[in-house]
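Note sheet for the following structure.
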Amino acid sequence: MEERRRVEQEREDLLMRAQLARAEAESANRAKDEFLAMLGHELRNPLAAIISAVSVLDRIGQQDGVALRARDAIRHQITHLGRLVDDLLDIAHVTSGDIVLTCEPLNLATSVQRSVSNLASTGRLERHVIDVRAEPVWASVDPTRLNQIVANLLTNAIKYTSPGGTIRIRVGGEEDQAIVGVADTGIGIPPSLLPYMFDLPVQGDKRLDRAQGGLGVGLTLVRRLAELHGGRVQVFSEGPGRGSEFVVHLPRIEPAKPVDSQSVLRVIGKVASAR
Ligand SMILES: Nc1ncnc2c1ncn2[C@@H]1O[C@H](COP(=O)(O)OP(=O)(O)OP(=O)(O)O)[C@@H](O)[C@H]1O
Ligand SMILES: [Mg+2]
């Protein structure tokens, strides 16, 4: 009798401790998200002020080559900083549930090709071979967010693959899933890091190659956006130097209207020798 009571008491204690630990972890997580949101907002204002000050200098400042180049550099770096801040705010908003998706039925083949073309038009894909294989498949998605997912994965693929490497983008259906895959022939990922790829850098050690800059939040954002759509994202790599593939799964829906079922194959970009 005595023994049973003791065991029960121990079990209750354990349960209580587990609940406490969980509550603490959740509160730490919330605090981190609130901190990110606050940091993002705080950084926004000075950035906006710097941009407008540069515009003033454009009007009244010196117009010689050195001054023009210096102002260009400021503008360029501020734009980059602005993008980083947007990423931070996005992470915070997605986490706190502040992001509301505006979903519509879309043929992912078309949407993904548009994202690739957009990035291609900035010249950033020029140094790699880009191979797009897209079969019509439909999903209910927020076009802006889908573009963000694809752009993040593509940007990573070119960032972590030497010039001349190949980036393969595939879109298609697998049973009840719409699939978007981005594979590269780049630096690859050690097996020990695969489970942490979608965590924020503070959580998993992702210090693989941070020489390229960036906050290290792109993949976290990709995963959260995929999950907001009721989907998920996976990563595959056979190891360092052997390339990687990121695969996004989204719930598939029936086509909104009849589509040409022929598969589309397009190649954008070209092989460029390393500079
Ligand atoms: N295609 C890839 N091949 C190899 N490693 C990758 C690839 N994509 C991401 N990684 C690794 O995962 C890390 C996290 O990627 P993530 O996109 O979250 O951050 P980032 O690209 O460093 O910065 P940003 O916030 O600008 O996206 C990268 O720093 C890199 O080490
Ligand atoms: Mg990235």
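When Asp98 is tested against (1) under 16 Å from Gly172 (Cα atoms); (2) among the charged types (D, E, K, R); (3) in a loop (DSSP other than H, G, I, E, B), exactly one condition is not met: (1). Assess whether Val222 counts as being under 30 Å from Asn29 (Cα atoms), more than 8 Å from ligand 1 (Cβ to nearest atom), surrounded by 20 or more Cβ atoms within 10 Å (Cβ to Cβ) and at pLDDT 90 or above. Criteria not met by Val222. Residue count for region 1-33 under the criterion of being in a helix (DSSP H, G or I), of a type outside the set (Lys, Arg) and over 22 Å from Ile91 (Cβ atoms): the result is 16. Considering Leu125, Leu119, Leu89, the condition of being under 14 Å from the mean Cα position of the chain (by Cα) and hydrophobic (A, V, I, L, M, F, W, C) is satisfied by Leu89 alone.
Looking only at region 179-188, decide whether some residue is within 14 Å of ligand 2 (Cβ to nearest atom), modelled with pLDDT of 95 or more and open to solvent by 40 Å² or more (accessible area, probe 1.4 Å). Looking through region 179-188, at least one residue is within 14 Å of ligand 2 (Cβ to nearest atom), modelled with pLDDT of 95 or more and open to solvent by 40 Å² or more (accessible area, probe 1.4 Å).
Taking region 123-143 as the range and being small (Gly, Ala, Ser), open to solvent by 10 Å² or more (accessible area, probe 1.4 Å) and under 13 Å from His229 (Cβ atoms) as the test, only Ser140 passes. Put simply, of Leu153, Leu119, Leu146 the only residue that is in contact with a Gly (Cβ under 9 Å, 6 or more places away or on another chain) and buried (at least 19 other Cβ atoms within 10 Å of the Cβ) is Leu153.
I'd like the full set of residues that are surrounded by fewer than 11 Cβ atoms within 10 Å (Cβ to Cβ) and at pLDDT 85 or above, limited to region 74-100. Within region 74-100, His76 is the sole residue that qualifies.
Residue by residue through region 41-70, note down the ones that are under 30 Å from the mean Cα position of the chain (by Cα) and not hydrophobic (A, V, I, L, M, F, W, C). Once the filter is applied, which keeps residues that are under 30 Å from the mean Cα position of the chain (by Cα) and not hydrophobic (A, V, I, L, M, F, W, C), region 41-70 yields His41, Glu42, Arg44, Asn45, Pro46, Ser52. Taking region 161-178, which residues are of a type outside the set (S, T, N, Q) and surrounded by 15 or more Cβ atoms within 10 Å (Cβ to Cβ)? Once the filter is applied, which keeps residues that are of a type outside the set (S, T, N, Q) and surrounded by 15 or more Cβ atoms within 10 Å (Cβ to Cβ), region 161-178 yields Gly165, Ile167, Arg168, Ile169, Arg170, Val171, Gly172, Gly173, Ala178.
The values are calculated or read from the model by the stated rules, or taken from the named source; none is laboratory data. What you see is a predicted model; the values in this text were computed from it and never measured. FYI the Cβ positions are ideal-geometry reconstructions off the backbone, even for glycines, and counts take in every protein chain you see. Ligands, DNA and RNA are stripped out before the accessible areas are found, and what is left, the full protein with its side chains, is counted by its heavy atoms. Shrake-Rupley method; radii C 1.70, N 1.55, O 1.52, S 1.80 Å.
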